[in-house]
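Data block below; observations after.
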Amino acid sequence: MSSPNVKNTSLAFPPRLSHRSVGFVCLMVAAFAQVVIAQHAAISPPPDERFKADILVIVGHPDDESLIAGYLARAVLDEHKRVAVVFATRGDAGQNLVGYEQGRALAETRETEAREALGSIGIYHAWFLRAPDTPYPDVPDVLRSLESWNHGNVLGEMVRFIRLTRPEVVITMLPDIVVGENHEDHQASGVIATEAFDIAGDPTWFPEQAAAPEDRLWYSNLMEGLHTWQPEKLYYFTDASHLDFVKGQGPEYSMTATSPSQHLSYGRLAAKETSFHKTQYDGDPAAALAADDMSYYEQPLTLILGKSLVGGSVAGDIFQGIVSDPIPFRPVRGYRQSPTLNQGRTGEVSIELGGGWAFYKQFWTSHNLDSLPRLLAPELGVGSGQNFPVPLLLHNNTNKAVTFALRAQLPPGWSLDSNSAQYAHHPLPENAFLVAAHDYFPVRIRLVAPQVGKPVWQEITWSAEADGRSAGSATLKVYVGGH
Ligand SMILES: [Zn+2]
């Protein structure tokens, strides 16, 4: 513990001073006081430049960043951008292909793997929020991860890292339900990154982070002394197994292109980065590199533009339009409550997919992600023969209770396992649900997918009637065998 260097400064008069020398000393004291004041004025420092990032990457687990490692290698090694990464979890619920270490021991291993992986492409600033790695469920639901992470805690930490690193660009995972790995922690990282993008510039959010410390040169200070910060562009990447929908949604980067500084393709640099995640991939990336099989790693990488506050074209380079001076805080439109508590117009009855699907419809609009509602029709990947749940919401926005009747149109080979409503003692026959006035009813359907020889897209539609009149329908595209 070292002593602070400007505490308890005393200015004692020397003994036996003449009047003349007292006057001189007074001048000296006045001059010294000015110097002290000037020193105090000069020591109000700017934000710590060592942690300034051009791009902040926000992901769920160690290895999620590997999906964009080819682009990050280009940005860092050839465009000399500063990149930092925040991992929400340390991947503690995953498998270990090289040893017995699991749980917290695995988390330590994976954190180190991630740091070494990032170091291989010149990224040295990485933080781990230590949110729990949510075990993979039957069907991912982003709300489960937000709950298990304790959403507010993680959001506060994410806002802190935006304020600390002051990135112009945030890149994170797509907040949507896609066919692919589609881990709910991936979606949750995208939700929290989007929220942090939108509030880090607002001094009323987590104000203790943005308030000045009482005395930075003394100990035990509270208030963090960060500055609010408004990032300029928000991009998403996806772990979807079908990528046709990302074409034209943002910039595309070639992974066969050769890095001028490394003399290797960006795909090879991505494979090398991935090879450090040995608990997850063992020797596969190294084997692919040795065999010169870059077919997986050299596919073009397309990012999805979530929003830009500084213009630029959708498919333009990530840094197109970026301005170096800080931009003012730009509030998003936020949630607007409909005339009734639930979705749909007053006087109507309706049905919709629940869970993450219902949440995202509100989330995208609230956060000005205006292209996301058009990106994908609701879809889900399940395994051949898998038993899985689908959440539905029945809305009654009328002034009286109504009874909904629910009917599913299942393709051949499908079967219904059960409907579970949220009442312990269901008073009505199966497929009938009594919904109070201006209320909603969550229904959980369990379905059994057919056994299929090869993956196939199929469509399931639920139609609802309320007291004999149509309440509409909800449709889900399911990729069977694509889990
Ligand atoms: Zn992951």
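The values are calculated or read from the model by the stated rules, or taken from the named source; none is laboratory data. If you're wondering where the values come from, they're calculated on a predicted model, not measured in any experiment. Glycine gets a Cβ as well: all are built from the backbone with ideal geometry, and neighbour counts include every protein chain shown.
Side notes on the structure shown:
- Among residues of the range 450-483, those that are among the small types (Gly, Ala, Ser) and farther than 19 Å from Gly354 by Cβ, counted: 5
- Residue in the range 211-224 that is surrounded by 16 or more Cβ atoms within 10 Å (Cβ to Cβ) and in contact with a Pro (Cβ under 6 Å, 6 or more places away or on another chain) present: no
- All strands (runs of 3 or more DSSP E) inside the range 300-408 with 2 or more residues being closer than 30 Å to Gly267 by Cβ: 304-308, 379-382
- Positions within the range 137-182 being at pLDDT below 95 and within 13 Å of the ligand (Cβ to nearest atom), in sequence order: Pro140, Gly180, Glu181, Asn182
- Of all residues in the range 258-268, those satisfying the criterion of being part of a loop (DSSP other than H, G, I, E, B) and either in contact with a Leu (Cβ under 7 Å, 6 or more places away or on another chain) or under 28 Å from Leu375 (Cα atoms) (or both) are Ser259, Ser261, Gln262.
- Identity of the residue in the range 201-244, acidic (Asp, Glu) and assigned to a loop (DSSP other than H, G, I, E, B), that ends up farthest from the ligand (Cβ to nearest atom): Asp215
- Going through (1) at pLDDT 95 or above; (2) outside any strand (DSSP E or B) one by one, Ala126 falls short only on (2).
- Contact annotation: residue pairs with Cβ atoms under 6 Å, 6 or more positions apart or on different chains, pairing a residue in the range 417-446 that is acidic (Asp, Glu) with a partner that is at pLDDT 90 or above, are Asp417/Asn387; Asp417/Arg446; Asp417/Val448; Asp439/Asn396.
- All positions within the range 69-85 that are within 12 Å of Leu118 (Cβ to Cβ) and surrounded by 24 or more Cβ atoms within 10 Å (Cβ to Cβ): Ala69, Leu72, Ala73, Val83, Val85
- Odd one out for Asp198 among (1) within 14 Å of the chain's Cα centre (by Cα); (2) within 15 Å of the ligand (Cβ to nearest atom): (2)
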